[in-house]
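Q: Take this structure, written in structure tokens, and hold onto it; I'll ask about it next.
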Amino acid sequence: MRGNLTTRKLVWLGVLGIVMLAFGLNGCAALERWEESVFAGTVVADASTPDASAGDTGSSGGGSPEEPAGVTVDGSPMPPAEETVRPSPPPARKQIALTFDDGPDSNYTPRILDLLKEYDAKATFFLVGSQVRKFPDVAARIVEEGHSVGNHTWAHADLTKLSAKALNEQVDRAREAIAEAAGLTPQLVRAPYGAVSDAVLKAFGEAGMTHVGWTVDTKDWAGTSVATMRENVAENARDGGIILMHSFGGRKGAIEHTVELLPLIIEDLRANGFELVTVEELIESGRAIESAIKLPVASK
Ligand code: NI
């Protein structure tokens, strides 16, 4: 019996030991869970404080919540992040207009158009109506290739010597020829020889036309050398300027020099920051040198 009792005691002690061991382990686990919940609660509580939220916004230097956003430590305004990486815009380009008078023809005008196309440059052609009637396809090509056209009268007349009626006929006939050949009515006009009077400008104004002069005269019609013309253009080119050349007429062989000059001045002008635009673009951009342009006066 004793042996049995002793054995029973040992069994009970063993069971008790296992129970106590299990309780102890469970207690430790419970303690760990409690500690976790307490620390988690502390973190949540900290996140709601002003300091913690200031930290979340990433403001530099761990400063106080009162520090205004977007201001650097030395107090100067902080530029937006985007602009600090964007390259600064290029300086405003200068604009200048190449103009060719007295065409079209079947020789020089097409060669000038070929060069302008090769250089992807735009120009303005002041067309003589009787020449447009002879070479309507060349007039149409000028417009198709993105150039501007202006009225240079029907027969290259000196308008200051004409009656009001004859003056209007010169302008109207050229306008009709250009409209028929090229499908547009030019708003620009250039009086032959640049010869204008108050009466001539009044007639243009009443017809809603803008008279276009020039700021650089190459004198190409006179057979001026390529070197002299190139130097003249280089010295006198200005932002908003208008260069006078011809695509027909003048002294024998004179316009050969113009064809030779054209690529040289295109390269020179571009190398000096000039963009080659039409006279219309020059007027629209507001850059045209004022003395060269006579806008139509609004009718009263
Ligand atoms: Ni002319």
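No value in this document is a laboratory result; all are computed from the given coordinates. As the structure is a computational prediction, the values presented were derived from the model and not from experiment. Using ideal geometry, Cβ is built from the backbone for each residue, glycine included, and neighbour counts are taken over all protein chains shown.
Q: Work out how much length N107 to A222 would gain on full extension: take 0.36 nm times their residue separation and subtract the Cα-Cα distance, in nm to one decimal. Working shown, then result.
A: Working: separation 115, 0.36 × 115 = 41.40 nm, distance 1.81 nm.
The span from N107 to A222 would gain 39.6 nm if fully extended.
Q: For every other residue with a beta carbon closer than 9 angstrom to the beta carbon of H246, add +1 if it is Lys or Arg and -1 if Asp or Glu, then tell me the sum.
A: Result for the local shell: -3.
Q: Could you give the alpha-carbon Rg of region 152-197 over 2.2 N^0.38 Å, rounded to two decimals? Could you put the intermediate results ahead of the total?
A: Details: Rg = 10.5 Å, N = 46, 2.2 N^0.38 = 9.4 Å.
Here the answer is 1.11, to two decimals.
Q: How many angstrom lie between the C-alpha centres of region 181-227 and region 120-143?
A: Going from one Cα centre to the other spans 14 Å.
Q: With a ≥ b ≥ c the root eigenvalues of the C-alpha gyration tensor of region 207-300, is it rounded (a/c under 1.5), prolate (a/b larger than b/c) or oblate? Walk me through the intermediate numbers first.
A: Values: a/c = 2.65, a/b = 1.53, b/c = 1.74.
Note, shape of region 207-300 comes out oblate.
Q: Using all Cα-Cα distances in region 103-258, what percent lands in each 5 angstrom bin from 0 up to the longest?
A: Using 5 Å bins, I get a P(r) of 2, 9, 18, 21, 21, 16, 9, 3, 0 for region 103-258.
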